[in-house]
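The values are calculated or read from the model by the stated rules, or taken from the named source; none is laboratory data. Everything numeric in this text was worked out from a predicted model, so none of it was measured. Please note: Cβ atoms are built from the backbone with ideal geometry, for glycine as well, and neighbour counts cover all protein chains shown. We work out accessible area using only protein heavy atoms, side chains counted, and drop any ligands, DNA or RNA first. Shrake-Rupley method; radii C 1.70, N 1.55, O 1.52, S 1.80 Å.
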Amino acid sequence: MNYYLAPLEGITTYIYRNAYHSMFQPMDKYFSPFLVPRMKKSFNHREIQDILPEHNQNLFLVPQLLTNQAKDFVKGAKRLMEYGYQEVNLNLGCPSGTVVARQKGAGFLSKPLELERFLDEIFSSLSIRISIKTRIGMEDPEEFGILHEIFRRFPLEELIIHPRVREDFYTNKPDLPVFRQAFSERRHPICYNGDIFCEQDLEQLVQQVPELEMVMMGRGIIRKPWLREELLCFEPMVEDSQKYQGRLRQFHDKIYQDYQSIMSGEKNVLYKMKELWSYMILLFSDYEPYAKKIRKAETLQKYEIAVNALFREQRLVEGKEEEEP
């Protein structure tokens, strides 16, 4: 099985990716949070910093592009080729209201004819490998029949399917029957994405799709960074809770210090760390009062006091099944 780290905007930056790669079981591929190519200027400063090769050494990084304009995609992909990238990913899954309103991300799925013309233009204009990360439709899973037929007409590097429609966001259960049908009709490699939070989730998935060779994980890994290590043996890690906690503390501290080294202003660092804690906090017993203090921290000093108290006073709760908000 190959494992991929999903792109989460604002979280899986090069700071996070490098900390994860150095401290936990490395992923086979990492996907960048989406870049927005523009005709006048391909990418902004933040986006360029995130995909610079020197910031992603020893990682198999696939930059992801978000656009519904073929010319913009082509320009962005060619810029990425100049940096040495050989694969680029098209985002057809983002459910954000502002993205969908512009008919990008999952919003582009509502325009299958325009999407087909878009794909025809980018594949005829580029030599770089192109993969797609997609949902199965905007409102109804039955939309995916037409969409998948379009995808099958092009030489995709791979198709990453999150089997939810846009209206689901991250609620409801992934539609495994739709995924199984797409997998059985595949003409290119297919990767599964969605709700892998523990070894039982992967085991059940593999039971239904025994030939599956690739899974992408996002929220599950952000919440529990050692999840891939558990999945490799289909059983919980044998380390005790205290050792887990020590690894998590080292991981947190590296990310925290690295963000301070590149960001000016405490608020920017706090914003990044609070986003991360919205996932990781669920690992701890009696986390609510600590989560509140972390959310309300307005200075790094107050943030550090709250985090220190959490690690000192609470323990990790193994086997916790609730999903992140």
Just to be sure, is Pro112 modelled with pLDDT of 95 or more, surrounded by 19 or more Cβ atoms within 10 Å (Cβ to Cβ) and not acidic (Asp, Glu)?
-> no
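Quick one: is Leu232 under 27 Å from Ser184 (Cβ atoms), surrounded by fewer than 22 Cβ atoms within 10 Å (Cβ to Cβ) and at pLDDT below 90? Break it down into steps so the answer makes sense when it comes.
Details: under 27 Å from Ser184 (Cβ atoms): yes; surrounded by fewer than 22 Cβ atoms within 10 Å (Cβ to Cβ): yes; at pLDDT below 90: yes.
Considered against the rule, which asks whether it is under 27 Å from Ser184 (Cβ atoms), surrounded by fewer than 22 Cβ atoms within 10 Å (Cβ to Cβ) and at pLDDT below 90, Leu232 comes out as yes.
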Consider Ile51 carefully, then state whether it is among the β-branched types (Val, Ile, Thr), in contact with a helix residue (DSSP H, G or I) (Cβ under 8 Å, 6 or more places away or on another chain) and over 18 Å from Pro225 (Cβ atoms).
-> yes
Taking segment 11-49 and keeping residues open to solvent by 10 Å² or more (accessible area, probe 1.4 Å), free of Cβ contacts under 8 Å to residues at least 24 places away in the same chain and either of a type in the set (A, V, I, L, M) or touching a strand residue (DSSP E or B) at 6+ places or on another chain (Cβ under 7 Å) (or both) leaves Ile48
Output the residues belonging to segment 114-170 that are in a loop (DSSP other than H, G, I, E, B) and either among the aliphatic types (A, V, I, L, M) or over 20 Å from Phe31 (Cβ atoms) (or both).
-> Leu126, Ser127, Ile128, Ile136, Gly137, Met138, Glu139, Asp140, Arg152, Arg153, Leu156, Val165
Show the residue pairs that are 6+ apart or on different chains and have beta-carbon atoms under 6 Å apart, the first residue being within segment 135-160 and over 25 Å from Gln86 (Cα atoms) and open to solvent by 50 Å² or more (accessible area, probe 1.4 Å), the second being at pLDDT 95 or above and not in a helix (DSSP H, G or I).
-> Glu139/Val165; Glu143/Gly137
Being closer than 20 Å to Leu156 by Cβ, part of a helix (DSSP H, G or I) and in contact with a Lys or Arg (Cβ under 9 Å, 6 or more places away or on another chain) is the filter; apply it to segment 72-106 and report the residue that is most open to solvent (accessible area, probe 1.4 Å).
-> Asp72
Across segment 18-44, the tally of residues that are part of a helix (DSSP H, G or I) and either of a type in the set (A, V, I, L, M) or within 11 Å of the chain's Cα centre (by Cα) (or both) stands at 2
Sort out which residues of segment 177-223 are assigned to a helix (DSSP H, G or I), open to solvent by 60 Å² or more (accessible area, probe 1.4 Å) and within 16 Å of Met1 (Cβ to Cβ), and write them in order of number.
-> Gln200, Glu203, Gln204, Gln207, Gln208
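If you check Lys254 against the conditions, is it in a helix (DSSP H, G or I), under 17 Å from Lys302 (Cβ atoms) and out of contact with any Pro (no Cβ under 6 Å at 6 or more places or on another chain)?
Against the criterion (in a helix (DSSP H, G or I), under 17 Å from Lys302 (Cβ atoms) and out of contact with any Pro (no Cβ under 6 Å at 6 or more places or on another chain)), Lys254 does not qualify.
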Taking only segment 3-54 into account, find how many residues are modelled with pLDDT of 95 or more and of a type in the set (Gly, Ala, Ser).
-> 4
Checked Leu90, Leu59, Leu52 against criteria (within 20 Å of Glu121 (Cα to Cα) and of a type outside the set (Lys, Arg)); the one match is Leu90
